[in-house]
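This is the structure I want to talk about, given as structure tokens.
The values are calculated or read from the model by the stated rules, or taken from the named source; none is laboratory data. None of these values were measured; they are calculated from a predicted model. With ideal geometry, Cβ positions are generated from the backbone for all residues, glycine too; neighbour counts draw on all protein chains shown.
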Amino acid sequence: MRLVDVHIEAAGGKLPEEVRRFLHEADERIARFQQESRVPAFVPSDYPGAYRVLAAVADSPLARGMQFCEWGSGFGVVTCLASMVGFDATGIEVSPELVEAARMLAEDADLPVEFACGSFVPPGGDDRVHSIGEYAWFTTESDYAYNDLGLDPSDMDLIFAYPWPDEEGMLGEIFCRYAGHGALLASYHGAGEFRIRRKLRK
């Protein structure tokens, strides 16, 4: 199995008004949340950039289907954006506080998304993760999230993640081991950098 980079031009132009209103509300909620709560390792992504990437993928023949999952979904903003461009969107997040905030955001925006609380590493993947290295914030505890979603990692056509630098190699390894053939991994690496890779058999 291997991952190959896929090139796609992010959607251009102004963000749709609906998206701008949603992101404004999300930004305000995140600001309040960060003033009132302390959740280790929660760093907001580049949400306008994520929307442009997701919209470009949704409008292209790149994805083999429309099942989306965000690994480490945080406040749920990217998962909600995926729903807004047409994906069947789910998110997995280990922090119960963030899962609750994400569910409230999606409900108030009337978006049909689902969030599960737990680790995105499937059951049995712990040894593989720890054999790759040690990570500042990563955990494999609470690995029942896929049962709650009623899905397997191999069901996901597009997975999105925003890894810490020391988690990037592990993320690719886990995706390569558990994702289905032809699935896409979209990742954000800071400073406006997004990357899309596809899993191939050889």
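Identify all residues within segment 156-202 that are part of a loop (DSSP other than H, G, I, E, B) and under 17 Å from Gly65 (Cα atoms); write none if there are none. Break it down into steps so the answer makes sense when it comes.
At the first step, the residues of segment 156-202 found to be part of a loop (DSSP other than H, G, I, E, B) are 156-157, 162-164, 179-183, 189-193, 201-202.
Answer for segment 156-202, where residues must be part of a loop (DSSP other than H, G, I, E, B) and under 17 Å from Gly65 (Cα atoms): Met156, Asp157, Ala179, Gly180, His181, Gly182, Ala183.
Restricting the search to segment 73-91, which residues are of a type in the set (S, T, N, Q) and not in a helix (DSSP H, G or I)? Step through it out loud before you land on a result.
First, pick out the residues of segment 73-91 that are of a type in the set (S, T, N, Q): 73, 79, 83, 90.
Result: Ser73, Thr90.
Whether any residue in segment 92-104 is in contact with a Cys (Cβ under 9 Å, 6 or more places away or on another chain), in a strand (DSSP E or B) and either at positive phi or buried (at least 24 other Cβ atoms within 10 Å of the Cβ) (or both) is what I want to check.
yes
So, one more: Glu114 is checked against (1) over 30 Å from Cys176 (Cα atoms); (2) of a type in the set (D, E, K, R); (3) at pLDDT 95 or above and fails just one. What number does that condition carry?
Of the numbered conditions (1) over 30 Å from Cys176 (Cα atoms); (2) of a type in the set (D, E, K, R); (3) at pLDDT 95 or above, the odd one out for Glu114 is (1).
With the condition kept exactly as written, say whether any residue in segment 59-68 is surrounded by fewer than 21 Cβ atoms within 10 Å (Cβ to Cβ), at pLDDT below 95 and either part of a helix (DSSP H, G or I) or among the acidic types (Asp, Glu) (or both).
no
Determine the pairs where a residue that is more than 17 Å from Gly72 (Cβ to Cβ), located within segment 26-48, has a partner that is aromatic (Phe, Trp, Tyr) and part of a loop (DSSP other than H, G, I, E, B) with Cβ atoms under 9 Å apart, the partner being 6 or more residues away or on another chain.
Qualifying pairs under 9 Å: Arg29/Phe75.
Pairs needed: first member in segment 159-182, touching a residue at least 24 places away in the same chain (Cβ under 8 Å); second member anywhere, surrounded by fewer than 16 Cβ atoms within 10 Å (Cβ to Cβ) and in a helix (DSSP H, G or I); C-beta distance under 6 Å; at least 6 residues apart or different chains.
That search, which allows pairs on different chains as well, returns Met170/Ile132; Glu173/Ile132; Gly180/Ser154.
What tally of residues in segment 1-25 results from selecting those that are under 20 Å from Asp110 (Cα atoms), charged (D, E, K, R) and either touching a residue at least 24 places away in the same chain (Cβ under 8 Å) or not in a helix (DSSP H, G or I) (or both)? Walk me through it before giving the result.
From segment 1-25, those under 20 Å from Asp110 (Cα atoms) are 15-25; that's our starting set.
Next, from what is left, pick out any that are charged (D, E, K, R): 17-18, 20-21, 25.
From the residues that got through so far, the ones that are either touching a residue at least 24 places away in the same chain (Cβ under 8 Å) or not in a helix (DSSP H, G or I) (or both) too are 18, 25.
Summing the residues that are under 20 Å from Asp110 (Cα atoms), charged (D, E, K, R) and either touching a residue at least 24 places away in the same chain (Cβ under 8 Å) or not in a helix (DSSP H, G or I) (or both) in segment 1-25 gives 2.
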